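Have a look at the structure below before the remarks.
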Amino acid sequence: MADDPTPGEVTRRLEDVRVDLKEDVRDVHTRLDTKVSAERYQLEQQAALERERSLTERVKALETARQREVEERRQDEQRQAERRAVDRRLAFTALVAPVLILILNLYLNSRGAR
């Protein structure tokens with residue numbers, strides 16, 4: 001019985017164990033408060049993926065619009081070039097051809113008048 005602790009020692013040891021246990025529980029709560037739940041993590045990952053998809057779609061839409069704009073600009077330039085060619089032909093037929101016909105007519109009239 002000499003090795004048996006006294007009731008006071010048992011009480012002190014139990015009190016120390018209780019205090020240590022309280023500190024350990026407080027530490028566990030602190031660590032749990034800093035952790036993110038798996039459900040929240042999955043939701044945040046899904047939101048990030050949705051943002052990425054949305055941005056990807058917006059970039060694709062912008063690229064498509066830019067390509068369409070470039071194609072429209074190219075077609076417009078081609079139409080303008082065709083109009084200029086038509087205008088040159090029209091200028092030739094409206095101005096140069098009548099002058100040539102007039103010169104030819106004058107030449108022929110002058111030859112026939114001799």
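No value in this document is a laboratory result; all are computed from the given coordinates. What you see is a predicted model; the values in this text were computed from it and never measured. Ideal geometry is used to build each Cβ from the backbone, glycine not excepted, and the neighbour counts take in all protein chains shown.
A few remarks follow.
- Long-range tail of P(r) for the range 1-68 (Cα pairs > 13 Å, %): 79 percent
- With only the Cα atoms considered, the chain has a convex hull volume of 119 Å³ per residue.
- Within the chain: Cβ-based charge dipole about Cα centre, in debye rounded to nearest 20 (Lys, Arg +1; Asp, Glu -1): 2340 debye
- Model label sites at Glu82 and Ala61, defined 7 Å from Cα along the beta-carbon direction, differ in position by 3.3 nm.
- Helices of the chain meeting both criteria, an alpha-carbon length of 18 angstrom or more along the long axis and an average Kyte-Doolittle score not below 1.0, with helices taken as full DSSP H segments, are 97-112.
- Only one residue of Ser54, Leu102, Leu90 has its Cα farthest out toward the positive end of the dipole of the chain, where Lys and Arg carry +1 and Asp and Glu -1 on Cβ, and that residue is Leu102.
- The Rg/Rh ratio of the range 38-77, with both radii computed over alpha carbons and Rh defined as the Kirkwood radius, is 1.42.
- Full-extension gain in nm, Leu90 to Leu108, via 0.36 nm per residue minus C-alpha separation: 3.9 nm
- Helical mean residue ellipticity (222 nm; -39500 (n - 2.57) per DSSP H run of 4+; nearest 500) of the chain: -31500 deg cm²/dmol
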